[in-house]
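Here is the structure we will look at.
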Amino acid sequence: MPMTYDVAIVGAGIFGLSTAYELARRGHSVLAIDRFGSGHPATSSTGASRSIRIAYDHPFYVELALEAIESWRRLEAETGQTILHLTGQVDLGPQSKLEELTRTVRAAGAAIEEMDAAELRRRFPEIALSRGEIGLFQRQAGTVIANAGMAALLRAAKKAGVTYLAPERVVRFEPGATVTLYTEGRHFEAKQVIVAAGPWAKDLLDGVGLPLPLAPAVAQVTFLDAPALVDRPGIAEWRPNGETGIYGHPVPGIGYKIAFDSGAAGWHPDVEEWEPDPAEEQRLLGWLARRMPSVVPKVSRTQRHPWTMTPDVDFIVDRWGQFIVAGGCSGHAFKFGPALGRLVADIVEGGEAPSVTRLGRPALRQSAPSPTAPITR
Ligand SMILES: Cc1cc2nc3c(=O)[nH]c(=O)nc-3n(C[C@H](O)[C@H](O)[C@H](O)COP(=O)(O)OP(=O)(O)OC[C@H]3O[C@@H](n4cnc5c(N)ncnc54)[C@H](O)[C@@H]3O)c2cc1C
């Protein structure tokens, strides 16, 4: 008789891999299958870096980010791998947004500083400000060294007993007393299945009768050869009326990364269109020239990767019968790393999904997702 796993996880990106590790630590038998391999360039959880911040306008994310920092630190201690590079983050933008961020962070008992233009200029002379502009500084923010985080999670997951299969693609499921997962050449049995397939999740879930409003998109990032900025804080420039903002953060070994915080275009995950758009890069460098005029715009590389939008820019993490959906990352999930694993593992063990991530929330029924919507969270 083939083994029946307690849990099979389809997709070993940040959602799937962190959940695999957490469940194995809790004593479950876990199978994690990935069609390319964790962190492959065609997936969302790829590349050198991701921004991390605790300032969100919703308490759920502030608390999850605080938990994530602790969990990433624990993983660093367990694996000897440096994963976090916390140099802080400056937030600029409409006063109403800054006030909301300040309120939620302080309500969670964490620190965030409000600064006038004079104080911002004194502490962050590389940032150009308009007259009277104000801002925030959060110390628990900066950069997750993403490829190091993925490598550490994979090592830790295997050590904890996860059976990891890659490259191997799940093509369909057959629910029953246990769920049978078919790959191209064989099949596996599991009591519960987590679908953490990132941009491919929509097609897989359609196949089991769970159509979800998920919109895969491709987003572009530009790395600057700017070693002088490696120890400087990240930056987030929020825009009024939910318009696309801009963010940046230091990248050890490279310099600094900047990007618009909305997808460039909708995208089908099986169509590989990775050529960066030079016009988008130029628009970004135009912003750099105005906001950080002393930085020499020496581009080291520009890359495109996919993410998956939901209508309300919140994740989908919830149970549906023997399946658990873990995704709808909406372009901002990586930072939460191992805290996502804890969240999904709790649901596997019978816990209730938080209201923000539930399948039954009205936003998933009321509006369609836009692949190019800005990350307003
Ligand atoms: C350009 C860019 C910049 C970003 N910046 C930030 C940031 O600054 N901060 C932040 O927090 N987040 C950021 N994000 C978002 C973050 O990277 C994503 O939210 C996160 O990586 C999503 O992970 P995932 O596990 O849902 O998806 P993925 O990483 O795509 O994982 C899904 C996995 O499923 C596998 N798979 C798919 N189909 C199958 C199948 N049929 N069988 C087996 N395996 C399958 C794939 O191979 C893949 O490995 C950014 C994303 C991008 C693209």
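Descriptive notes on the structure:
- Tail fraction, Cα-Cα pairs, segment 63-175, threshold 16 Å, whole percent: 70 percent
- Restraint check, Lys298/Lys335; Lys159/Lys202; Lys158/Lys257; Lys97/Lys257, Cα-Cα greater than 29 Å: Lys159/Lys202; Lys158/Lys257
- For the chain, alpha-carbon Rg and Dmax in angstrom: 20.3, 72
- When both segment 139-202 and segment 24-60 are represented by their alpha-carbon centers, they are found 10 Å apart.
- Between Phe260, Phe188, Phe124, the residue with the greatest mean-square fluctuation in the GNM of the chain (Cα pairs under 10 Å linked by springs) is Phe124.
- Distance between modelled label sites at Ala368 and Ser300, nm, 7 Å Cα→Cβ extension: 4.0 nm
- With contacts taken as Cα pairs under 8 Å and at least 6 residues apart, the chain reaches a relative contact order of 23 percent.
- With at most 14 other Cβ atoms within 10 Å, longest stretch of the chain clear of loop GluC sites (Glu not before Pro) (DSSP): 1-183
- Aspartates and glutamates with Cα under 15 Å of Lys191, excluding same-chain neighbours fewer than 8 positions away: Asp6, Glu174, Glu349
- Radius of gyration and Dmax over the Cα atoms of segment 256-377, both given in Å: 17.7, 55
- Dividing the convex hull volume of the alpha carbon atoms of segment 188-230 by its residue count gives 155 Å³ per residue.
Each reported figure results from applying straightforward, stated rules to the coordinates on display, with no laboratory input. What you are looking at is a predicted structure, and each value in this text was computed from that prediction instead of being measured. As a convention, Cβ positions derive from the backbone with ideal geometry for all residues, glycine included, and neighbour counts pool all protein chains shown.
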